[in-house]
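Here the structure is laid out as structure tokens; the discussion comes afterwards.
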Amino acid sequence: MEANGTAGKYGLEGDSDLQFLLLGGTLVKIRSNTWKKIRFFRLEEDCKTLWHESHKMFKKNQTFSIDDIDSVRMGRQSEGLNKHTDPSEDERCFSIIFKGRKRNLDLMAHSGPEAKQWVSGLTKIISNMHNLSRQQKSEHWIINCMRKADKNEDNKMTLKELKHFLRQVNVEVDDIYAEEIFKTCDKSNSGSLEGSEIKHFYELLTQREEINVIYGKYAQTEGQMSAGDLMNFLRNEQREKATMEDALKLIEKYEVDGTAKQKNHMTKDGFLMYLHLEEGSIFNPAHKHVYQDMSQPLNHYYISSSHNTYLMEDQLKGPSSTEAYIKALMKSCRCVELDCWDGANGEPVIYHGYTLTSKVLFRDVIRAIKDYAFKTSDFPVILSLENHCTVDQQKVIAHHLISILGDALVTKPLHNTMPTNFPSPEELKGKFLIKGKRMNKLDAAFANTSTVEVDTVSEEDEAADCKENGQKAKSKKSKIKLARELLDIVIYCKSVHFNGFEHAKDQQAFYEMSSFKESKAFNLADTSATAFMHHNMDKLSRIYPAGSRTDSSNYNPVPMWNVGCQIVALNFQTPSKEMHINQGRFLQNGFCGYVLKPEFQRSLSSQFDPNTLNKGPWLKKKVFHVMVISAQQLPKINKDKHKSIVDPLVRVEIFGVPADSASKETHYIDNNGFNPMWNERFQFDIHVPDLAMVQFVVEDYDSTSQNDLIGQFCLPITSVQNGYRHVPLFTKRGDIICSAEVFVHLMLMDA
């Protein structure tokens, strides 16, 4: 394929930055102060693969897909470049940040303008790839597989190459069927496919019988869908209150054939385009933006929260890194944890105390937080301080917070009046709140002393750290000296010990919040659910994983949300089912990190109990009908094994109150990850839809061991669109799988 042709598809034909990338050039690859090597980099002609030379014995040439890139950062914005380059070289530096655990690629160009051109060009390619429709990405993927199958690069496809191609796209067919396809397409009887014959083969391969049936049912006008036909489809199948104007807008937006568009018709290609994009997605496009009331008090929201944010891996010997904070914040995490300890040269550090985890400077973490806190969300970030420092280094902590965060740091109550309730996320846009110790009362006048003695709390992480490392647990309360400078900047999130719901109701101010280890929180949720929910109506609660989870595993966040807990902190660094559910919970409301709790978790008159389902406005019984129809272009699990083909199945799971929890799965399909078809129906009874979530999990069946995850997608039931919908799939680490999806029919109905 010609580079210009590919560039045209990306909307970049003739772009100078793209031409610069296609020519390529030398860059300095940096790994340490002593490992700095010159390497040649170039964008391949497919405009989706970056090639670079390597001096490894068995890997002289290496490539990686643009799809694997999470972002490109200009300047010394990675931990590696910060450590291993001089500040004077900032304008020449840039980093390629990969999805998942792949190490950042830290690079230095010959000049500042050259570095900018690399960053600009790569950013354009990434942005344009994201803007391609799923159908266009699918076509690119198939064409790329065809190119790889064409071993001798003669733009022809022999029967042997066709079989190789089919294995690449994750489908195993027997020799007889492969020969039948080949003969059908080989009109010239030349023994190879070329030109229009390859196009015919592509059309046969990508034909979707289920789409043909749906389209055929409604295409009642000259073999196509008129605007009226499309309106009928939207009303009857998608259960939308569609008008002729709505149908015409979809035709204008998605129809690819000019003649059909002039007639206000939609062809099958246009119909498929509609089904692939946001109006045809399972996820309600109105929920992709901030649509909830953001003027409620802060404690009326679930808040996306991270535990031990600084860790990249486990809790005992894994690395601590500013990169972990950046990754969490870019996923719209709005509460991060800083475990602060005395460091060398008077500079406090962050790490997991009493362990072999590495250390990172506190000031470097705050700089990274300032730079990335509001890239994906404008709403406030809570900095949860776990303070183990001496008074002198506490003063340094306060200095860094005030000097680096500046006016964005909340250092006094808003509106200069003594508050009686939390401000709203809207009022706190672009602001940082500090969670930590302070004097007993928010309005207390400080004595003229530089330190204050306050109680420390055993059930917070500092005590858990000691217990997990063979040390004697601290007593319930001990004294710690705090610098006045640090006390002064704790305004709305003062940490206090939990002494029971009655004590909290009578004695605790709204800004005094407790942290609960998961075992304590789960016990309270089981035995005192309604009281816990009422506690969370005017106070914040933070839940954190047990210290025994040294592998950085996670607990199930759903029971905590069921009782209205806001700061349900998870190990963001660990890809897990629990993180998939967390990602699904915060997918709505513009992925801003704040989700408004249901009204019955905010109303003082509510007696909601998720465990008993007593009668009340929360009971809105629904029946959720799910038909799993098919899947398209599922990725190979074992890419190293040439003949490895997946045997996919789909599991549909419901999370929410205990009465709503359920799981059902399809049978598995032998050796077909390209276009498996199930046509299996499931039914779920939903009692509290406001708390319910649905997850689609695609696995590779294995009769002898645990199934492997292929992809998953989770979202709130209240964000689901009825009708024929495509379900996108995320990897275990929460990154989108560009070409893969599941096709379903959904109907959420009143019981």
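The values are calculated or read from the model by the stated rules, or taken from the named source; none is laboratory data. Remember, it's a predicted structure, so these values are computed and weren't measured experimentally. Heads up, the Cβs are rebuilt from the backbone with ideal geometry, glycines too, and the neighbour counts pull from every protein chain shown. The area values use the complete protein model at the heavy-atom level, side chains included, leaving out ligands, DNA and RNA. Shrake-Rupley method; radii C 1.70, N 1.55, O 1.52, S 1.80 Å.
What are the residues in the range 713-751 that are farther than 20 Å from residue 572 by Cβ and among the small types (Gly, Ala, Ser), if any? Within the range 713-751, 719, 723, 739, 740, 751 qualify.
In this structure, is residue 256 more than 19 Å from residue 232 (Cα to Cα) and buried (at least 16 other Cβ atoms within 10 Å of the Cβ)?
On the way: more than 19 Å from residue 232 (Cα to Cα): yes; buried (at least 16 other Cβ atoms within 10 Å of the Cβ): no.
Here the answer is no, as residue 256 does not meet what is asked.
Okay, residues lined up against (1) buried (at least 24 other Cβ atoms within 10 Å of the Cβ); (2) in contact with an Asp or Glu (Cβ under 9 Å, 6 or more places away or on another chain):
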site	(1), (2)
528	no, no
531	no, yes
534	no, no
539	no, yes
552	no, yes
556	no, yes
572	yes, no
579	no, no
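Results for (1) at pLDDT 95 or above; (2) open to solvent by less than 20 Å² (accessible area, probe 1.4 Å); (3) over 30 Å from residue 243 (Cα atoms), shown as yes or no for each residue.
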position: 186; (1), (2), (3): no, yes, yes
position: 189; (1), (2), (3): no, no, yes
position: 193; (1), (2), (3): no, yes, yes
position: 196; (1), (2), (3): no, no, yes
position: 199; (1), (2), (3): no, no, yes
position: 208; (1), (2), (3): no, no, no
position: 213; (1), (2), (3): yes, no, no
position: 219; (1), (2), (3): yes, yes, no
position: 227; (1), (2), (3): yes, yes, no
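Checking each residue in the range 30-51 for being over 17 Å from residue 116 (Cβ atoms) and within 29 Å of the chain's Cα centre (by Cα) picks out 30, 31, 44, 46, 47, 48, 49, 50, 51. With respect to residue 613, determine if the residue is touching a residue at least 60 places away in the same chain (Cβ under 8 Å), open to solvent by 20 Å² or more (accessible area, probe 1.4 Å) and within 15 Å of residue 688 (Cβ to Cβ). Yes: the conditions hold for residue 613. The single condition among (1) open to solvent by less than 10 Å² (accessible area, probe 1.4 Å); (2) within 19 Å of residue 490 (Cα to Cα); (3) in contact (Cβ under 8 Å) with a residue 60 or more places away in the chain that residue 340 does not meet is (3). Residue 623 falls short on exactly one of the conditions (1) over 30 Å from residue 374 (Cβ atoms); (2) in a loop (DSSP other than H, G, I, E, B); (3) of a type in the set (A, V, I, L, M, F, W, C); (4) open to solvent by 20 Å² or more (accessible area, probe 1.4 Å), and that condition is (2). Selection over the range 308-319 of residues that are in contact with a strand residue (DSSP E or B) (Cβ under 6 Å, 6 or more places away or on another chain) and open to solvent by 10 Å² or more (accessible area, probe 1.4 Å) gives a count of 0. Among the residues of the range 103-159, the ones that are at pLDDT 80 or above, farther than 18 Å from residue 19 by Cα and surrounded by 17 or more Cβ atoms within 10 Å (Cβ to Cβ) come to 8 in all.
Among the residues of this structure, residue 706 does not count as one that is within 19 Å of residue 579 (Cβ to Cβ) and surrounded by 18 or more Cβ atoms within 10 Å (Cβ to Cβ).
Residue count for the range 577-598 under the criterion of being of a type in the set (A, V, I, L, M, F, W, C) and assigned to a helix (DSSP H, G or I): the result is 3.
Here residue 100 meets each of (1) closer than 30 Å to residue 575 by Cα; (2) surrounded by 14 or more Cβ atoms within 10 Å (Cβ to Cβ) with one exception, condition (2). Each residue in the range 672-701 was checked for being out of contact with any strand residue (DSSP E or B) (no Cβ under 7 Å at 6 or more places or on another chain) and open to solvent by 10 Å² or more (accessible area, probe 1.4 Å), and 2 of them qualify.
Quick check on the range 284-311: of everything there that is part of a loop (DSSP other than H, G, I, E, B) and aromatic (Phe, Trp, Tyr), which residue is farthest from residue 435 (Cα to Cα)?
Applying the first criterion (part of a loop (DSSP other than H, G, I, E, B)) to the range 284-311 yields 284, 289-297, 307-310.
With aromatic (Phe, Trp, Tyr) added as a condition, the list becomes 291, 310.
Values: 291: 28, 310: 16 Å.
Step by step, filter the range 284-311, then rank; the result is 291.
Specify which of the listed residues (543, 567, 581, 480) is modelled with pLDDT under 95, of a type in the set (Val, Ile, Thr) and within 27 Å of residue 315 (Cβ to Cβ). Spell out the reasoning first.
On the way: 543 fails: modelled with pLDDT under 95; 567 fails: modelled with pLDDT under 95; 581 fails: modelled with pLDDT under 95.
Checking each option against the conditions leaves just 480.
The combined condition, being open to solvent by 30 Å² or more (accessible area, probe 1.4 Å) and at pLDDT 95 or above, is fulfilled by residue 248.
Yes/no matrix, rows are residues, columns are (1) among the basic types (Lys, Arg); (2) in a helix (DSSP H, G or I); (3) under 23 Å from residue 480 (Cβ atoms):
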| position | (1), (2), (3) |
| --- | --- |
| 313 | no, no, no |
| 328 | no, yes, no |
| 333 | no, no, no |
| 355 | no, no, yes |
| 367 | yes, yes, no |
| 375 | yes, no, no |
| 395 | yes, yes, yes |
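Checked against (1) more than 28 Å from residue 541 (Cβ to Cβ); (2) in the same structural domain as residue 565 (by the TED database); (3) buried (at least 24 other Cβ atoms within 10 Å of the Cβ), residue 266 passes all but condition (2).
Need a quick list: strands (runs of 3 or more DSSP E) entirely within the range 644-751 having at least 2 residues that are closer than 30 Å to residue 242 by Cβ.
Values: elements: 648-655, 662-665, 677-686, 693-700, 708-716, 723-730, 736-750.
In the range 644-751, the matching strands (runs of 3 or more DSSP E) lie at 648-655, 677-686, 693-700, 708-716, 723-730, 736-750.
Can you name the residue in the range 343-359 that is touching a residue at least 60 places away in the same chain (Cβ under 8 Å) and not hydroxyl-bearing (Ser, Thr, Tyr) and is also most open to solvent (accessible area, probe 1.4 Å) among such residues? It comes out as 352.
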